[in-house]
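For reference, the structure discussed in these notes is given below.
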Amino acid sequence: MEKGQWSRERAWEWYHSVPWIRGFNGYPSNCVNRIAMWQSYKHGEVMEQLEREFALAKETGFNAVRAIIQFECWYYEHDSFMQNLEEYLTLASKYGLGVMLCLGNDCSVPRELFKPAVFGEQPVDWGYHGGIRRGAHSVVYNTEGYYLLDEPSIEPKYYEMADELAAKYCKDPRIQIWDVWNEPGNGKRYDKSLHAMERFFEIIRSHQPIQPLTADCWSYTADMVPARNIERRAIELSDVVTFHYYGSLQNMVVLIKNLKEYGRPLINNEWLNRIAGNRVEDIFPLFWLERIGSYHWGLMAGYSQTYEPWGYYYDECKKPGSELDMTKWQHDLFRFNGEPYSEKELAIVKRFCALADASEGGKK
């Protein structure tokens, strides 16, 4: 087993050994944020809702889920967090969902808006994407995002977290992929998290995991190539290339062509933005045709309200020539009551999941 980055051959060998990955992002509908999802408070209620949603995902044809952890839950509620993560993995496995576990995250707000973690009942701002009035997507912030990693006394704890999780789960098949860092450079952080991201890769690889490692590219030039140094470095370190894109089908096609030049398997682990024309009926069949892994954002509408538009869209849609369709849900496939947002969309998803199953036989 390689101690460093997998060779391209090794990455493709792994990718061809698993079914076409089709999964989803998000929190259970009774959670407004990741603290609500991972904390000990009302954990039983969270797991009950997760089971309902995982059963719905399996029925739809999905076989994967992407879970972003919350450092503060590991740090302040360590033992219960570790138990909750174990229960999450067990439940996902019960419903045939491989877990992409995401550790680091650059989606953040400026320091003056940062609020320390408070456990217990989580406030919900109704009518706002993410369930928070001043969240990371509410406006276009002009100052650097902040989170606890930036504190010299706390930074080593992040590495302890990565080490503990990798040591415990590096050989556990319930984890399908390590997503080392979500959207590196976002929140106008640019290269601020570069060292930490590199350390996470190094720490996880020191345990010789059976799973591939990756970190996501997410911002692009007009020519649809990764725009930032930290994103290009993320791709250089990754075994498989993961990318986010919420824009048009035309741009998605060009982006895929460009990313194929890295010669590694491609997985899109964030997409679906109906408001901007990033639609199920276009994108999901494209991913099936190209056999690109897929994790759209949002299984079921809930407290996090990711069906609402990003806040800055309210200004963007007023600009002359805007093509944003604010009459549509942004993310999510199902309504609060478990009924589909669109029967037509759901039929498309089920059709291509079934086609994948039929062509791949007994892959697990």
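All of the numbers you see were taken from the coordinates with simple rules; none came from a lab. Worth saying up front: this structure is predicted, and the values here are computed from it rather than measured. Cβ sites come from the backbone with ideal geometry, for glycine too, and all protein chains shown count toward neighbours.
When the square roots of the Cα gyration tensor eigenvalues are ordered a ≥ b ≥ c, the ratio a/c for the range 1-106 is 1.5 or more and a/b does not exceed b/c, which makes its shape oblate.
The residues packed around GLY338, meaning those with a beta-carbon under 10 Å from its beta-carbon, carry a net charge of 0 if Lys and Arg are +1 and Asp and Glu are -1. Projecting the Cα atoms of LEU333, LEU149, SER193 onto the dipole axis of the range 8-359, where Lys and Arg carry +1 and Asp and Glu carry -1 at the beta carbon, places LEU333 farthest toward the positive end. The length gained on full extension between GLU144 and ASP223, counted as 0.36 nm times the residue separation minus their Cα-Cα distance, comes to 25.9 nm. Rounded to two decimals, the Cα-based Rg/Rh of the chain, with Kirkwood Rh, is 0.92. With labels modelled as points extended 7 Å from the Cα through the Cβ direction, what inter-label distance (nm, one decimal) is found for LYS94 paired with LYS171? Reported label-point gap for LYS94 and LYS171 is 2.6 nm. Helical content alone sets the calculated 222 nm signal of the chain at -11500 deg cm²/dmol, taking -39,500 (n - 2.57) per DSSP H segment of four or more residues and averaging over every residue. Please report the spacing between the Cα centers of the range 9-48 and the range 50-91 in Å, no decimals. Result: 5 Å between the Cα centres. Short-range pairs are left out: with C-alpha atoms under 8 Å and at least six residues apart, the relative contact order of the chain is 22 percent.
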